Amino acid sequence: MATVELRRVDKTFGTHQAIQGLDLSIADGEFVALVGPSGCGKSTTLRMIAGLEGVSGGAIVIGERDVSHLPARDRDIAMVFQSYALYPHMTVAENIGFGLKLRGTRRSRIAELVDEAAETLQLKEVLGRKPKELSGGQRQRVAMGRAMVRHPQVFLFDEPLSNLDAKLRVHMRAQIKKLHRQLTTTTIYVTHDQTEAMTLADRIVVMNHGRIEQVGTPHQLYGAPVSKFVAGFIGSPEMNFLEAVVDEAAATCDLTFADGSRLSLGEAHVGLPAGRPVTLGIRPEHLHLAGPGDPQDARLSGVVEVIEPLGADTLIHVIVAGRTLVARLAAEVGDRIALGVDRTRAHLFDPASGLTL
Amino acid sequence: MSMSSAPRSGSLAPYLFVLPATVLFVAYVVYPILYVICSSAYRWDGINQATFTGLANYIRLFTHDPAFVLAIRNAVLWAPLTILPQMLLGFAIAYMLETGVPRQAIYQAIFYLPAIISPVVVGIVWQRIYNPFGGLLSDIGFASGLRFLTVPFLSDTKVAIYAVIAVNVWQWTGFSMLLYVAGLKGLPTETLEAAKIEGATLRQTIVYVVWPMLRHVHLTLILLGVIGTLQTFPLIYMLTNGGPNHATESLPNYIFLQAFKLQSMGYASAISVVLMVIALALSLFQVRVLGARFALAE
Amino acid sequence: MTLTPSPRTIKTAVLTVLAAVWLVPVLMMLAVALMPPGQRAAGFGGLAIKGVSLSSFVTAFDRAPILMHFVNSLIITITSVVLVVVISSLAAYAFARMRFRGGEGLFYGLLATLMLPIPALIVPIFQLNKTFGLLDTYWGLILPYTALGVPFAVIIYRSFFSAIPQELEEAAKIDGCSTFGIWLRIVMPLSWPATSVVVIFQFMTSFNEFILALVTMDSNSLKPLTLVPLIYAGPFMAQPGPMFATLTLITIPVVAVYLLMQRFMIGGLTAGAVKG
Ligand SMILES: Nc1ncnc2c1ncn2[C@@H]1O[C@H](COP(=O)(O)OP(=O)(O)OP(=O)(O)O)[C@@H](O)[C@H]1O
Ligand SMILES: [Mg+2]
């Protein structure tokens, strides 16, 4: 087990700069998730740590060793691929034991370790089978077994669950969490699925265009996003955004929307100059049906356009100030409703830079 | 995507991987090409001192050599008369096989069988088939009254070249079939089903869907067929040795004759150069202009 | 393919007739080889034999050291097959997965070799063998057979390798394989369909070749099987039986190799057979 450090890491493919000045410190035993939109450089980052891509600049340090120019096999890491990349011509046991065999581990010792891994992952019955004779979930577990068995310093996962169906994905997510608690191996986990990131990770790294947008605990990212990008990326359904202008900045922060309707954020965001354009961000779960406790100026009203029943609760789409807001509420299509805004949970962003104000 | 940017133990690896192939390529392809080009400017019997004669070999080849003209004529006949039947027959067989018949593998093996038999064997066997005295065809001819089957196929200057071409078709149709089978297997089932749903008849399906979608196979077969035409040698050597009176001469056979029977290494080299130029020009035309490829599936 | 254009029976009938016609020369060869001695006048080119006898084979083995020639053929063929498989798969792996200076040029050079009529090189290859003292040696045939077989094999292997998911090789890298180790332990074991194609083609080419053998080999004791009908033409020609028995013996090994590996052929030609 070890710490992992990226120091001003750059990566260019031809003229395309995929990663720019990435700085990241991962503690020993920590579980870090990399998230971000497609093409933002998550896989590239992981592959540089693995040694499958060279760095164009900067350094990668695992433990105390600068591994930037070491080949993959000397980095003492293991990786689980999205496609699992199991060797089709080897049995499950051979797949899992291959890395050990290459390192000259004794045959009996390999058998022991493979057995142990198979035990943990419930693969004992299928050890003699070839990958094509396995179910998707079993293949996924074999890929994990192959990574675990060597007891590497770092686990790297590149969207390991995205080829599984929804139910299995939830199950494996729990398995991975349990495994990490047992093994406490430093883990870097790339995913598209923010629920996965939120539930698994100690810290989440949000990437965008080859840069880190924000690093923090799931709680921090959810509660205090540094930018509109992070705010929109974390949380589901996505945060609602409304363009507005600050029109009264003395004692309270009052906003006017394009259609002339208004909202007061109270004392939460005082200090902005009047006339400043802002983007208001408010999560669906922070909107409620306005009741007597909601001040008149902390309400947004609109017409319900669509309802999406999810079983446990319902999402509604409400047209407010010409934009669609999503709220976690029950209502009927066509209802004219007033939404109460949880003012302390509202976020303001600079429309130009996207940064949190 | 390449792994080139990944850190690796030594960037010597690719060079070590291609080294043996490169050595052989240089020794047995590059060097021989340069060698024939040089030696085509000499008069040389392969043993004694060679005399430099400049372009004399080429002048003789293009102006005073009826055998060369016959060899060229034969190549011009040979290409379409082998390639087209082999393609059409090969496609027909492959299509019938691929649309479902019992024991497909056996038929496939039978049609491909001639392609794996040595030209020595093919030559001697077909000599016997074509033999006007007790050969298979003449026996059939006499028994059935079809007198045209009793002609001396291989020693009649008018017929011999077609007789040899027929053997070539027999030998290589199976190869075309094999490539078409592979090509048909690669066709997306949905497209064929879509054609069916749109009400295409069998003929329409073949003409408008299947045949056009196998374009890359056709191009490969034409490319290989043209090159094959220009290399046709062992079969002719065994069947007729270019005779009678050069009626079935091919450029390769003529090179061999000049080099090893008449000991004119220089002249044989000049023919070799001409042959290579023709082959490269035709192949490059097909690859560049028509988009033909050697890749059998890609 | 789910088209059922014409009734199966029609297709089967057409194919059967065609296949029968295609088999005639081979059947005739067998018939003449199995013809009992003294039955010169069997009709239809010898197809209509009465009775079967192995005596022509016995005569062939008596009159010529068939086994010795067969062993020569095997030595030359197997060596060149092994060399072609190793040399071209190594090169193809570099072409498929690595980018290096001169790589593309070399690849296109090899490709161009396929457009070259090989008989045009027979004079210089003969002279080359002479210069290096390879005339009348096995290597005088093995090396050119290998060299001329490599380009086609490289094409087959390269397209096959390109279809192997790259993540497999990356996984192997992380597991601790060197580049050579990946080739040996992952890529080659997965590429047996391509290897079968290469083996079949190279085996046939090397085993059947006789022109280069004719000019390279002087001593009868080194000549391959294909030259037997030419060397012993005199004594044999008078007797079709032993001659055709010899032709049959030349044909058996290639047919055996083909039948053994046939089922891998189509897979090898279509490539991309490897899935995770
Ligand atoms: N080998 C390569 N050559 C050229 N460009 C590449 C290469 N690998 C990645 N890129 C580019 O680098 C950028 C980052 O790619 P990367 O695969 O890291 O994205 P990602 O965040 O993993 O996306 P996804 O979520 O879709 O997997 C992309 O623009 C991609 O096109
Ligand atoms: Mg990715």
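The values are calculated or read from the model by the stated rules, or taken from the named source; none is laboratory data. Just so it is clear, the structure is predicted and the values come from calculations on it, not from any experiment. So basically every Cβ, Gly included, is an ideal-geometry build from the backbone, and we count neighbours across all protein chains shown. Accessible surface is based on the protein model in full, side chains and every heavy atom, while ligands, DNA and RNA are left aside. Shrake-Rupley method; radii C 1.70, N 1.55, O 1.52, S 1.80 Å.
Take the residues of the stretch A:91-127 that are in contact with a Gly (Cβ under 9 Å, 6 or more places away or on another chain) and not in a helix (DSSP H, G or I): which is farthest from ligand 2 (Cβ to nearest atom)?
Only one residue tops the list, namely A:THR105.
Can you say whether C:ILE156 is under 30 Å from A:GLU53 (Cα atoms) and either crowded, with 24+ Cβ neighbours inside 10 Å or under 20 Å from the mean Cα position of the chain (by Cα) (or both), as far as the supplied structure shows?
Against the criterion (under 30 Å from A:GLU53 (Cα atoms) and either crowded, with 24+ Cβ neighbours inside 10 Å or under 20 Å from the mean Cα position of the chain (by Cα) (or both)), C:ILE156 qualifies.
For the list (1) more than 8 Å from chain A (Cβ to nearest Cβ); (2) under 22 Å from B:LEU12 (Cα atoms), I need the number of the one condition that C:GLY176 fails.
(1)
On the basis of being over 27 Å from A:ALA201 (Cα atoms), at pLDDT 90 or above and of a type in the set (A, V, I, L, M, F, W, C), does A:LEU100 make the cut?
yes
Within the stretch C:117-131, count every residue that is over 19 Å from B:GLN258 (Cβ atoms) and either within 18 Å of the chain's Cα centre (by Cα) or at the interface with chain B (Cβ under 9 Å from one of its Cβ atoms) (or both).
Count: 0.
Scan the stretch C:6-25 for residues that are surrounded by 15 or more Cβ atoms within 10 Å (Cβ to Cβ) and under 10 Å from B:VAL101 (Cβ atoms) and jot them down.
Listed by number, the residues that qualify are C:LYS11, C:THR12, C:VAL14, C:LEU15.
I'm trying to understand the selection: among the residues of the stretch A:219-234, which are buried (at least 19 other Cβ atoms within 10 Å of the Cβ) and away from ligand 2 (no atom under 16 Å from the Cβ)?
A:LEU221, A:PRO225, A:SER227, A:LYS228, A:PHE229, A:VAL230, A:ALA231, A:ILE234
Tell me, which residue of the stretch A:131-164 that is assigned to a loop (DSSP other than H, G, I, E, B) and away from ligand 2 (no atom under 16 Å from the Cβ) is most open to solvent (accessible area, probe 1.4 Å)?
Here the answer is A:HIS151.
Take A:VAL67 and tell me if it is closer than 20 Å to A:ARG150 by Cβ, more than 13 Å from ligand 2 (Cβ to nearest atom) and touching a residue at least 60 places away in the same chain (Cβ under 8 Å).
no
Give me the pairs: first residue in the stretch B:16-35 and over 18 Å from C:GLU104 (Cβ atoms) and at the interface with another protein chain (Cβ under 7 Å from one of its Cβ atoms), second residue open to solvent by less than 40 Å² (accessible area, probe 1.4 Å) and among the polar types (S, T, N, Q), beta-carbon distance under 8 Å, and six or more apart or on different chains, which are they?
Cβ pairs passing all conditions: B:LEU24/C:THR146; B:TYR35/B:SER269; B:TYR35/C:GLN127.
Matching residues to (1) within 21 Å of B:LEU81 (Cβ to Cβ); (2) of a type in the set (Phe, Trp, Tyr); (3) more than 7 Å from chain C (Cβ to nearest Cβ):
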site: B:ASN131; (1), (2), (3): no, no, yes
site: B:LEU137; (1), (2), (3): yes, no, yes
site: B:TRP172; (1), (2), (3): yes, yes, yes
site: B:ALA200; (1), (2), (3): no, no, yes
site: B:VAL210; (1), (2), (3): no, no, yes
site: B:VAL226; (1), (2), (3): yes, no, yes
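Filter the strands (runs of 3 or more DSSP E) completely within the stretch A:237-344 down to those with at least 3 residues that are open to solvent by less than 20 Å² (accessible area, probe 1.4 Å).
Where strands (runs of 3 or more DSSP E) fall fully within the stretch A:237-344 and carry at least 3 residues being open to solvent by less than 20 Å² (accessible area, probe 1.4 Å), they are A:240-248, A:277-282, A:299-309, A:314-320, A:336-341.
Filter the stretch A:8-54 for residues that are part of a loop (DSSP other than H, G, I, E, B), free of Cβ contacts under 8 Å to residues at least 60 places away in the same chain and away from every other protein chain (no Cβ under 11 Å); which is nearest to ligand 2 (Cβ to nearest atom)?
Checked the stretch A:8-54; the qualifying residue nearest to ligand 2 (Cβ to nearest atom) is A:GLY39.
From C:VAL81, C:VAL71, grab the single residue that is more than 8 Å from chain B (Cβ to nearest Cβ), over 30 Å from B:SER138 (Cα atoms), part of a helix (DSSP H, G or I) and open to solvent by 40 Å² or more (accessible area, probe 1.4 Å).
Exactly one of C:VAL81, C:VAL71 is more than 8 Å from chain B (Cβ to nearest Cβ), over 30 Å from B:SER138 (Cα atoms), part of a helix (DSSP H, G or I) and open to solvent by 40 Å² or more (accessible area, probe 1.4 Å), namely C:VAL71.
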